[in-house]
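Here's the structure, in structure tokens; my notes come after.
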Amino acid sequence: MKEPEKNKVWHVNNKELYYLLKGRLGGKTTINIIDMILEKPHNRNQLSKKLNVDYKTVTYHLKIICKYKYITKDQFENSYYYRPSEKLLKNLAEYNQIKKLVENEE
């Protein structure tokens, strides 16, 4: 008789970040936006064009990410730019773990 396979249990310390990236339907879009912002600060229009995502969709995701304080919004002239917050940078290792988990589900 075969021994039952053990379920892989993945422990998450940051439940908030896990929910933001994996617990919502738009988690993959959120990850794409955060990845772009980690490269360099972007405004909504730049993100929309580079990711080929509707401007309103980008705005929706940015509001959620800002609400959880993983990105920061700064005004420069007549535009707002988004950059990684200290909170995101402190949780970068866990962000990358959750990102891999989401990518492996594709």
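The values are calculated or read from the model by the stated rules, or taken from the named source; none is laboratory data. Being a predicted model, the structure only gives us computed values, none of them experimental. Don't worry about glycine lacking a Cβ; one is built from the backbone with ideal geometry, like all the others, and counts go over all protein chains shown. Ligands, DNA and RNA are excluded from the accessible area calculation, which covers all protein heavy atoms including side chains. Shrake-Rupley method; radii C 1.70, N 1.55, O 1.52, S 1.80 Å.
For the reader, a short list of remarks on this structure follows.
- Residues within segment 74-106 that are at pLDDT 95 or above and open to solvent by 100 Å² or more (accessible area, probe 1.4 Å), tallied: 2
- Members of segment 51-62 found to be farther than 17 Å from residue 22 by Cα, open to solvent by 30 Å² or more (accessible area, probe 1.4 Å) and under 16 Å from the mean Cα position of the chain (by Cα), listed by number: 51, 53, 57
- Failed item in (1) more than 16 Å from residue 63 (Cα to Cα); (2) modelled with pLDDT of 80 or more; (3) open to solvent by less than 90 Å² (accessible area, probe 1.4 Å), with residue 12 passing the rest: (2)
- Taking (1) among the basic types (Lys, Arg); (2) open to solvent by 80 Å² or more (accessible area, probe 1.4 Å); (3) touching a residue at least 60 places away in the same chain (Cβ under 8 Å) in turn, residue 67 satisfies each apart from (3).
- Test: residue in segment 76-83 that is free of Cβ contacts under 8 Å to residues at least 24 places away in the same chain, more than 25 Å from residue 13 (Cα to Cα) and touching a helix residue (DSSP H, G or I) at 6+ places or on another chain (Cβ under 7 Å): no
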